[in-house]
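The values are calculated or read from the model by the stated rules, or taken from the named source; none is laboratory data. Computed from a predicted model, the values in this text were never measured in an experiment. Don't worry about glycine lacking a Cβ; one is built from the backbone with ideal geometry, like all the others, and counts go over all protein chains shown.
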Amino acid sequence: MNYKIVRLNTRAKTSKTSSVLIIYTGGTLGMAYDESGALVPFNFGQILEKIPIINNLDVAITVISFPSPIDSSNVSVLHWKDMAYIIYENYDSYDGFVVLHGTDTMAYSASMLSYMLKGLNKPVIFTGAQLPISALRSDARENLMSSLEIATAKIDDKPIVPEVCIFFNHLLLRGNRSKKVQSVHFDAFESENYSPLAESGIVIDYQLAAIRPYEPSKKLKLLNELDNRVMVLKLFPGITDKIMDACFAIPDLRGVVLETYGSGNSPSESWFMKSLERAIAKGLIILNVSQCNGGRVIQGRYETSRELLNVGVVSGADMTTEAAVTKLMFLLGQSKDREEIRRKLTIPIAGEMTT
Ligand code: ASP
């Protein structure tokens, strides 16, 4: 990929100064209105002109920009590989990483990178904005400046947040526990099943007990084999076996995230279970997550979920759909052994589930 690299001329002078690599992928933060009034991404060089204060930071900043910044609705497996590779390649040269990314799919990308960057021991902070940086009331400046501070925050020379996170509107959340919940207000992200890692006010208040520990003995490994032959099937009253069978018949499909009701419940009628049984018998992995944002799947709690357990549906516990579908793609890419993948789906990789 043909990255554009810009080294900012900040106040950072000494070799002791912290350093951050910003990876600019696109998103509203860096968009401008075109002639028709639609928001389209523009180049990062121009963005920095909008926040001249960044040059006063005592942090050495380098920016790598995607050659063509994207609206995150266009994010693909290849973009995830690029983001993870850039971090992997530059890992030793920076104290932390800030990924500027559209909000629409940020929770998917942060989840995927948390799996791909095995042994990560430095902050990778995803952020973006609801309003472009050029808008007077934009949230971009606060989100970017706080993310830069978090990416370089240390106690006793150790990074405070050595994991993949999303910072947005005062909240630092574990990336693979986050969900976009707002498209209008500034508080766009939430983490229903895990407490925020920090809240920013006058100071940034870190919840140290919730943050993954710094483990210097671990070496970063890039695991970039992914398999996106998966789908998400959301149950709704009125769904039929025709619909289910048609989905399960998709050529090459390997895994399905089944969004069920409440604590992991589904219709218990035989046509429904038979359709699932047929899918599992032909080799598909079915992973059960709840349509509820909070709570968890407990297969067997109700009669309507006991059968799912019996036919071999895997419980996704309290994972978000974003964390589940990316985990499925990740594990399918890592192994061909169906039983191993099924087992690993129930074990946390990067704090994405509580078992
Ligand atoms: N459509 C935009 C994107 O995800 C929205 C945003 O950045 O907030 O790229």
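Here are the numbers for the structure shown:
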read-out: The stretch 116-135, residues that are touching a residue at least 12 places away in the same chain (Cβ under 8 Å), of a type in the set (A, V, I, L, M) and out of contact with any Asp or Glu (no Cβ under 7 Å at 6 or more places or on another chain); value: Met116, Leu117, Val124, Ile125, Ile133
read-out: Condition check for Asp104: within 16 Å of the ligand (Cβ to nearest atom), of a type in the set (D, E, K, R) and within 13 Å of the chain's Cα centre (by Cα); value: yes
read-out: Cβ-Cβ under 7 Å pairs, at least 6 apart or on other chains, the stretch 172-187 side touching a residue at least 24 places away in the same chain (Cβ under 8 Å), far side β-branched (Val, Ile, Thr) and within 14 Å of the ligand (Cβ to nearest atom); value: Leu173/Ile166; Gly175/Ile166; Ser178/Ile166; Lys180/Thr103
read-out: Some residue of the stretch 236-248 being over 16 Å from the mean Cα position of the chain (by Cα), surrounded by 12 or more Cβ atoms within 10 Å (Cβ to Cβ), closer than 28 Å to Ile341 by Cβ and in contact (Cβ under 8 Å) with a residue 60 or more places away in the chain; value: no
read-out: Residue identified as among the basic types (Lys, Arg) and in contact with a Gly (Cβ under 9 Å, 6 or more places away or on another chain) among Arg137, Arg174; value: Arg174
read-out: Failed item in (1) acidic (Asp, Glu); (2) more than 15 Å from Val232 (Cβ to Cβ); (3) modelled with pLDDT of 95 or more, with Glu303 passing the rest; value: (3)
read-out: In the stretch 15-58, the residues that are surrounded by 19 or more Cβ atoms within 10 Å (Cβ to Cβ), within 16 Å of the ligand (Cβ to nearest atom), at pLDDT below 85 and closer than 18 Å to Glu142 by Cα; value: Gly30, Met31, Phe44, Ile47
read-out: Pairs where the first residue, in the stretch 91-115, is of a type in the set (A, V, I, L, M, F, W, C) and the second is in a loop (DSSP other than H, G, I, E, B) and within 16 Å of the ligand (Cβ to nearest atom), C-beta under 7 Å, 6+ apart; value: Leu100/Gly27; Leu100/Gly128; Met106/Gly128; Ala107/Ser178; Ala110/Ser178
read-out: Residue list for the stretch 130-165, restricted to those being among the small types (Gly, Ala, Ser), away from the ligand (no atom under 16 Å from the Cβ) and in contact with a strand residue (DSSP E or B) (Cβ under 6 Å, 6 or more places away or on another chain); value: Ser146, Ala151
read-out: Extreme residue, nearest to Ser178 (Cα to Cα), among residues of the stretch 295-346 that are in a loop (DSSP other than H, G, I, E, B) and basic (Lys, Arg); value: Arg296
